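Worksheet: the structure to be examined is printed underneath.
We did not get these values from a lab; they are worked out from the coordinates using the rules stated. Fair warning: this is a prediction, and the values are worked out from it, not measured in the lab. Neighbour counts are summed over all protein chains in view; Cβ atoms, including those assigned to glycine, are modelled from backbone coordinates with ideal geometry.
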Amino acid sequence: MAIRQPVVSVLGHVDHGKTKLLDRIRGTAVGDREAGAITQHIGATEVPLERIYEMCGAIVGKKKFTVPGLLFIDTPGHQAFTSLRARGGSLADLAVLVIDIREGLKPQTIESIHILRQYKTPFVIALNKVDTVEGWMSEPDRAFILSEKQQQEHTRQVFEEHMYNIISQLSSEGVYADRYDRIDDFTKAVALIPISAKTGEGVPDLMLMLIGLAQRFLESRLEKEEGPGKGTILEVKEVKGLGQTMDMILYSGSIKTGATVAIGTNGAPLVTRVKAILKPKPLDEIRDPRDRFDNVKELHAAAGVKIACQDATGVIAGAPIRVVKNPKDPAIKEISEETSIKIETEEKGITIKADAIGSLEALAFEAKLAGIPIRKYGIGEITRRDILESSYGNDTHHVILGFNVNISKDAEAEIATHSIKVMTNNIVYALIDDYKLWLEESTRQTESDKRLEFAFPAKILIMPDHVFRVSKPAVVGVRVLAGRIRVGENLIDPNGRDCGTIKSVRDDDGNILKEGVQGDEVSVAIDGVTVGRQINEDDVLYVDMIESGYKEVQKLDLTDDEKLALSDTVAIKRKAEPFWGM
């Protein structure tokens, strides 16, 4: 059975060297042509087996491979990986996670690990920028396994320190990794290949590892499927002279110019006809080829191409594309099922929006792990309708999380008139963390508001020798044993008898306080009592509570002393009313 080339996705934190690595492989300088040398669009590059033999000559020996080469996908960071979907899983057969040896794991590195784990995609780690290790002697395009032997002992030690620091960081993320030449079982450890995308050192080792792993573990997955083409749309964009075009990966079967295709949209699948198939030359790439595209009549998997169709209305990133016979082809139903997003929702929950199907699934996946309920979800920018629909429910669910999306002007205007929180981020787990921090602060504020709204359980001691005024009002020094006391609260003794109302709370310097909290010693003015009659030195008093206030306070996070004061108060109230608070 003939096998296709595996699809390899390159991920990693911004500026850790993803595009520079691909530039080194194909001998181009695409990165230099991008704004700020950072990839702005998704790209695809074919690397034929002959090129791999050429690069790995010094270490490949007599090994021969049946895998025809590698198809690299260069993503603008980690998020585009989630657009690489096939049959509900990952389109990528393998992934390369690029990590800067000096900087270690960064937010997008961790994000990439989360997504690779979610999609169960096997990956290797390219430990980039070894040429920056102190004292490293570089030789262009030399295999790391040969280069390391030429380094001085001190340099090797510094390198090992950097590497083991990163291995430790990976371990804390649940990834067991080791240097590729020290691994006995590649099913139990992630291979770490030291490289320099700048000098090309280690790149031969990386290519050999990828082709070797594909040959050894993925052969059955890579068996070529004959028949109608199946692919995934990576990006939809306008091209002068062609109109709307679609960058796509064909991962199975074949596609021809003039073929009828069905493509996933936000609604029903779009059925249209292929006008042109534009294929970059080998070792070039899809988004900015140095040479003109080849206009091909027929294409076989796996390949990255640009296609122009008669219609591209509503097509979304991550959508499946299938060659079909007619508008009633069973494949159209398959597309409907594949683009129907299966996310669990609840009656009360937040709204999530994302830029593509896969990224929406990634956000929902992380939300579920964090125990965050979802009420509504969608693809595309945050709209006025999202704001209006999310304004229902309780306060902690007046939230919209947006991953890699914009907020429409209408929505921004609507936010100002509603009590709603909108958070956007281009890192999924950071977005989840932002929400959890907001929820924690919001809950804390809600509790604070409730503590102000209702009398709070409190227990005070009238200190001996601290009677400053006997009556009208009585002024005494008290120690707050538990809870908090405020102006306006009524006091009772252990038998439930009325012991007046707090008129003021002051510190030692006579300053007026909003409240006295556990551990404070303050003077309080109490109206309606006389010292020596209703209250005395060494008396323990409690803040009186109403039944509805008791039920609300029970929901709050109380300290052990507050719980004890509340328990005492309930016992006192039940002396007169046995079923009080039940």
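Grab the DSSP H runs of the chain that are 4 residues or longer, score each as -39,500 (n - 2.57), total them, divide by all residues and round the 222 nm result to the nearest 500 deg cm²/dmol.
-8500 deg cm²/dmol
Counting pairs of Cα atoms in the stretch 170-317, how many percent are more than 26 Å apart?
Details: 4821 of 10878 pairs.
The answer is 44 percent, as a whole percent.
Under 8 Å for C-alpha pairs, at least 6 residues apart: give me the relative contact order for the chain, rounded to a whole percent. Mind dumping the intermediate values first?
Details: 1264 pairs, mean separation 59.8, N = 582.
That works out to 10 percent.
With the cut-off at 21 Å, report for the stretch 121-250 the share of all Cα pairs above it, as a whole percent.
Numbers: 4638 of 8385 pairs.
Counting every Cα pair in the stretch 121-250, those more than 21 Å apart make up 55 percent.
Translational diffusion coefficient of the stretch 399-536 at 4 °C, 1.567 mPa s, Stokes-Einstein with Kirkwood Rh over Cα pairs, in µm²/s as a whole number. Kindly include the intermediate steps, with their values, before the conclusion.
Details: Rh = 18.4 Å.
Translational diffusion coefficient: 70 µm²/s.
Rounded to the nearest 5, what % of the DSSP beta bridges within the chain are antiparallel ones?
65
Write down the Å³ per residue value for the convex hull defined by the alpha carbon atoms of the stretch 455-582.
Enclosed volume per residue, from the Cα hull, is 96 Å³.
Measure up Lys279/Lys333; Lys64/Lys224; Lys230/Lys376; Lys421/Lys555; Lys18/Lys306; Lys514/Lys555 against 26 Å on the Cα-Cα distance and list the ones that go over.
Beyond 26 Å: Lys279/Lys333; Lys230/Lys376.
Convert each backbone phi in the stretch 93-103 into a coupling constant with the Karplus relation 6.51 cos²θ - 1.76 cosθ + 1.60 (shift: θ = phi - 60°), then list the ³J(HN,Hα) values in order as whole Hz, x for Gly and Pro.
Each residue of the stretch 93-103 in turn: 7, 9, 9, 10, 9, 8, 10, 6, 4, 7, 9 Hz.
Full extension from Glu223 to Ser442: what is 0.36 nm times the residue separation minus their Cα-Cα distance, to one decimal in nm?
Value of the extension gain: 73.5 nm.
Mind checking the stretch 303-359 for GluC sites (Glu not before Pro) that DSSP puts in a loop (not H, G, I, E or B) and that have at most 12 other Cβ atoms within 10 Å?
Glu344, Glu346, Glu347
Out of all Cα-Cα pairs in the stretch 306-399, roughly what percent, to the nearest whole number, are more than 17 Å apart?
60
Give, rounded to the nearest 20 debye, the magnitude of the charge dipole that the stretch 540-582 has about its Cα centre when Lys and Arg contribute +1 at Cβ and Asp and Glu contribute -1 at Cβ.
So the dipole magnitude of the stretch 540-582 works out to roughly 220 debye.
Considering the alpha-carbon set of the chain alone, what are its Rg and its Dmax in angstrom?
Rg then Dmax for the chain, in Å: 33.3, 105.
Evaluate the distance, in nm, between pseudo-label points positioned 7 Å from the Cα of Lys240 and of Arg384 along their respective Cα→Cβ axes.
Using points 7 Å along Cα→Cβ, the separation is 3.6 nm.
Assuming 0.692 mPa s and 37 °C, estimate D for the stretch 326-370 with Stokes-Einstein, Rh taken as the Kirkwood radius over Cα pairs, in µm²/s.
Rounded, D is 265 µm²/s.
Please give the peptides 561-570, 175-184, 462-471, 243-252 ranked by average Cβ packing (other Cβ atoms within 10 Å per residue), highest first, as a rough proxy for protection. Intermediate results must be reported in sequence, preceding the final value.
Values: 561-570: 18.5, 175-184: 16.4, 462-471: 14.0, 243-252: 21.8.
Order by mean packing, descending: 243-252, 561-570, 175-184, 462-471.
Explain nothing, just compute: Karplus ³J(HN,Hα) = 6.51 cos²θ - 1.76 cosθ + 1.60, θ = phi - 60°, for every residue of the stretch 49-60 in order, whole Hz, x for Gly and Pro.
Per-residue couplings from phi come out as 4, 4, 5, 5, 4, 4, 5, 9, x, 5, 10, 6 Hz.
Alpha carbons only, please: Rg and Dmax for the stretch 519-582, in angstrom.
13.9, 38
Would you mind telling me the antiparallel percentage of the DSSP bridges in the stretch 173-251, rounded to 5?
So the antiparallel bridges amount to about 75 percent of the total.
Modelled label-to-label distance, Ala268 and Val14, 7 Å Cα→beta-carbon offset: nm?
Computed distance between label sites Ala268 and Val14 equals 4.2 nm.
So how much slack lies between Lys62 and Lys106, counting 0.36 nm per residue of separation and subtracting their Cα-Cα distance, in nm?
Here the answer is 11.9 nm.
Once the other residues with Cβ under 12 Å from the Cβ of Ala411 are scored (Lys, Arg +1; Asp, Glu -1), what is the net sum? List each step's numbers first, then the result.
Values: positive: Lys353, Arg384, Arg385, Lys409; negative: Glu381, Asp386, Glu389, Asp410, Glu412, Glu414.
Computed value for this residue: -2.
Please give the FRET efficiency for Asp557 paired with Glu160, using the beta carbon to beta carbon distance and R0 = 30 Å, rounded to the nearest 0.05.
0.05
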